[in-house]
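Only one structure is covered here, and it is reproduced in the block below.
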Amino acid sequence: MAPIPGSGLAKGLAVTLRTMTKKTVTEQYPDTQPDLPPRTRGVIGLFEENCTVCMLCARECPDWCIYIDSHKETVPAAAPGGRERSRNVLDRFAIDFSLCMYCGICIEVCPFDALFWSPEFEYAETDIHELTHERDKLREWMWTVPAPPALDPAAEEPKEIAAARKTAEKLAATQAAEAAQAAEAAQGPEATEAEEAAQGAETTEAVEATQAAEPVEPPQATAVTEPTEPPKPAEPSQPAESAQPNPAESSKPTEPAEPSPLAKPAQPNPAEAPSASPVDPAEPPEGQS
């Protein structure tokens, strides 16, 4: 559809009419500082500690308005037997703002975050040669750089912060281990014995708790047996009746046996001697009536 002739003019007049009806607000500068956006490109600040004199910003600048001078220094070996190293030391860092077109390329290409945008804009000069500011002035503007926006809570933690946290945790763990070893050495063997006793007590308690937790089996029923009769005591043996001497046999003389020269005379055994028969007091002895 073809545009209506004069529609552009009507839109422009409408914007003018709306602006004419609004109240005019005048900012009282320089008594009142303007409220600038946080990403305002006012001037470039330098964080000198991060600069490694890589010359990347000076080479990428389309206006060639950055001037850098440096020299090399020899750094001694960090450990015995190591080799010495050399590093660049910054001597001069200057930016000619009479040539700068505020493109921000130098800030984007800096690999070590040494350059930042500052909202500062009050650096006008009466002489154009005074618009070349050295590193001291650039460092002062660095403290006017606003803080970066907060990260998304769901975003991944920066690698630099994670590496720094891990290093700090390892250092803290090493210091704690050294302190524990020093404390054990100061306490002596008594503390070691006390720890061993405590560990033994804990082990005993754990074993008792395990035994208490195990189920106890009920005792099995045993078969009841009938009582047996006790054995009868053995009857005492009666003494054998002593043999009465036969007078007929006793009248015969006996021939004594020839003693053997090697045999010892037999000792009479009183236990084997014949016991005398008991005399009945009611019967009188023989030969008496």
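Descriptive notes on the structure:
- Any hit, region 105-116, residues being in contact (Cβ under 8 Å) with a residue 24 or more places away in the chain, under 15 Å from Val145 (Cβ atoms) and open to solvent by 50 Å² or more (accessible area, probe 1.4 Å): yes
- Per this entry, Thr144 is not counted among residues that are open to solvent by 100 Å² or more (accessible area, probe 1.4 Å) and of a type in the set (Ser, Thr, Tyr).
- Region 72-94, residues that are outside any loop (DSSP other than H, G, I, E, B) and either open to solvent by less than 70 Å² (accessible area, probe 1.4 Å) or in contact with a His (Cβ under 7 Å, 6 or more places away or on another chain) (or both): Val75, Asn88, Val89, Leu90, Asp91, Phe93, Ala94
- Test result for Phe121, part of a loop (DSSP other than H, G, I, E, B), open to solvent by 50 Å² or more (accessible area, probe 1.4 Å) and in contact (Cβ under 8 Å) with a residue 12 or more places away in the chain: yes
- Listing of helices (runs of 4 or more DSSP H) fully contained in region 132-241 that carry 3 or more residues being at pLDDT 80 or above: 135-142, 159-187
- Residues located in region 22-64, provided they are part of a loop (DSSP other than H, G, I, E, B) and under 28 Å from Val89 (Cβ atoms): Phe47, Cys51, Thr52, Val53, Cys54, Met55, Cys61, Pro62, Asp63, Trp64
- Evaluation of Ala10 against (1) open to solvent by 70 Å² or more (accessible area, probe 1.4 Å); (2) assigned to a helix (DSSP H, G or I); (3) among the small types (Gly, Ala, Ser) (one fails), failing number: (1)
The values are calculated or read from the model by the stated rules, or taken from the named source; none is laboratory data. Since the model is a prediction, treat every value here as computed from it, not as a measurement. Ideal geometry is used to build each Cβ from the backbone, glycine not excepted, and the neighbour counts take in all protein chains shown. The area values use the complete protein model at the heavy-atom level, side chains included, leaving out ligands, DNA and RNA. Shrake-Rupley method; radii C 1.70, N 1.55, O 1.52, S 1.80 Å.
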